[in-house]
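First the structure, in the form of structure tokens, and then the observations on it.
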Amino acid sequence: MEQLLQQLEQYKQEIAAAEAKTPEAVEAFRIKYLGTKGLLKTVMGEMKNVPNERKKEFGQILNEFKQFVENKYEILKEATVESSSALANIDLSLPGDPVLVGTRHPLSIVRNQIVSIFKRLGFAVAEGPEIEDDWHNFGAMNLPEDHPARDMQDTFYINQDPAWLLRTHTSSVQARVMEKQKPPIRVICPGRVYRNETISARAHCFFHQVEGLYIDENVSFADLKQTLYFFVQEMFGKDTKVRFRPSYFPFTEPSAEMDISCLICGGDGCTVCKHTGWVEILGSGMVHPKVLENFGIDPNKYTGFAFGMGVERICQLKFRVNDLRLYSQNDVRFLKQFTGVV
Ligand code: DAH
């Protein structure tokens with residue numbers, strides 16, 4: 001018996017030291033120790049020679065031995081599976097799967113560019129609510145209730161309370177700023193606006209504007225022209241021409257719309273500029289004295305200019321996007337074309 005115990009000890013040492021680097025070597029180990037004619041079988045066969053009174057003791061020892069061999073076998077097997085399938089079968093020089101990061105929306109790209117140009121001129125960014133009251137969107141901007149110019153902007157009113165509406169322009173933020181701040185005021189206000197329009201390639205029920213407001217002593221129309229001219233050159237390049245046309249807005253006097261030479265056709269005439277060579281990009285003017293008075297700003301002391309531009313229009317000129325619906329359809333084939341544009 002003692003001899004058998006000694007032998008088991010020897011086998012254990014041999015097994016503990018055993019190595020198997022390939023699946024074939026692991027299989028050889030299994031056959032040698034765990035196979036039907038393997039060592040474990042032979043050792044187990046010795047049980048019949050053990051005297052009855054020691055059978056229990058030996059049974060336990062042999063069981064432990066069996067577990068020891070099986071454990072070792074599992075360890076060897078796992079090690080080769082890892083190295084053979086997980087690593088050996090992979091070409092480690094292959095490039096990894098690309099991690100797709102999102103891209104900035106073209107409207108965000110253009111908005112950020114507009115904002116950064118005006119920031120360089122000292123304008124701060126101001127924001128206001130999209131759900132507005134009648135006063136900030138219309139009344140304060142010199143559009144009293146019966147004003148016909150209200151019809152220019154088809155408004156979404158809130159059903160439960162028509163005193164509330166979805167802002168039709170970011171000019172409402174001018175009102176919000178003047179309410180809180182006294183001159184000098186120099187802000188730009190980017191944001192989404194809503195109008196009750198039938199959705200088509202050329203019109204949408206929501207779009208984006210950037211509003212500008214500059215109020216101080218001695219602000220003149222020349223300042224307005226120079227500021228907007230600077231903006232156009234920065235945004236569209238030095239060769240871009242501008243022209244101002246007299247216009248009408250209730251909140252400015254005088255008012256002007258600004259056109260730039262068409263970037264699509266270079267001024268030769270195309271469908272975007274309706275064959276005129278010019279594209280309108282914004283409305284502007286000197287802030288109406290009544291608007292200043294609405295906020296307790298003395299129009300004899302202070303003057304100011306304001307402007308409002310459509311982000312979609314600028315985006316159309318920069319990126320040649322000719323269907324407004326693309327901006328809100330979330331089609332990745334469209335969106336991913338702006339990868340890397342910042
Ligand atoms: N609010 C006008 C619109 O949505 C745009 C505009 C015109 C804004 C003249 C202004 C401005 O601040 O002075 O059509």
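The values are calculated or read from the model by the stated rules, or taken from the named source; none is laboratory data. Remember, it's a predicted structure, so these values are computed and weren't measured experimentally. Quick reminder, even Gly has a Cβ in these numbers, built from the backbone with ideal geometry, and neighbours come from all protein chains shown. Quick note on the areas: whole protein, heavy atoms, side chains included, nothing else; ligands and nucleic acids left out. Shrake-Rupley method; radii C 1.70, N 1.55, O 1.52, S 1.80 Å.
Observations
- Checking every one of the trypsin sites (Lys or Arg not before Pro) in the range 1-92 against DSSP loop status and a limit of 16 other Cβ atoms within 10 Å picks out Lys21, Lys37.
- Aspartates and glutamates whose Cα lies under 20 Å from that of Lys32, excluding same-chain neighbours fewer than 8 positions away: Glu9, Glu14, Glu19, Glu24, Glu46, Glu64, Glu70, Glu74, Glu78
- Local electrostatic count, His208, Cβ distance below 15 Å [Lys/Arg +1, Asp/Glu -1]: +3
- 1.4 Å probe accessible area per residue over the range 2-87, in Å²: 69
- Note on Lys180 and Asp268: with the Förster distance fixed at 45 Å, the Cβ-Cβ geometry gives a FRET efficiency of about 0.45.
- Sparse packing (at most 12 other Cβ atoms within 10 Å of the Cβ) combined with a DSSP loop state is found for the following GluC sites (Glu not before Pro) in the range 146-240: Glu217.
- For Asp161, the solvent-accessible surface computed with a 1.4 Å probe is close to 70 Å², ligands and nucleic acids excluded.
- Percent of beta bridges antiparallel (DSSP, the chain, rounded to nearest 5): 95
- Hits among lysines - C-alpha to C-alpha of Lys238 under 22 Å, sequence gap 8 or more where chains match: Lys119, Lys225, Lys318
- Whole-percent pair-distance distribution, where bins are 10 Å wide, for the alpha carbons of the range 45-124: 13, 15, 13, 11, 11, 10, 9, 7, 6, 4, 0
- Within the chain, helix-based [θ] at 222 nm, where runs of 4 or more DSSP H residues each add -39,500 (n - 2.57), nearest 500: -10500 deg cm²/dmol
- A cysteine counts as unpartnered when no other cysteine's C-beta lies under 4.7 Å of its own; in the chain this applies to Cys189, Cys205, Cys315.
- Where the Cα pairs of the range 2-87 fall when distances are cut into 5 Å bins, in %: 3, 13, 24, 22, 15, 10, 7, 4, 2, 1, 0
- Nearest-0.05 FRET efficiency for His275 and Asp239, computed from C-beta distance (R0 25 Å): 0.75
- Sparse packing (at most 12 other Cβ atoms within 10 Å of the Cβ) combined with a DSSP loop state is found for none of the GluC sites (Glu not before Pro) in the range 23-123.
- Taking 0.36 nm per residue of separation and subtracting the Cα-Cα distance, full extension of the segment from Gln60 to Lys21 would add 10.9 nm.
- Base-10 log of normalised Debye intensity for the chain (one unit scatterer per alpha-carbon) at q = 0.06 Å⁻¹: -0.45
- Temperature 4 °C, viscosity 1.567 mPa s: under these conditions the Stokes-Einstein estimate for the range 100-186, based on its Kirkwood radius over C-alpha pairs, is 86 µm² per second.
- Under a model in which nothing but the beta-carbon of Lys, Arg (+1) and Asp, Glu (-1) is charged, the chain shows a dipole of about 780 debye around its Cα centre.
- Virtual spin-label span in nm between Tyr157 and Leu100, 7 Å along Cα→Cβ: 4.5
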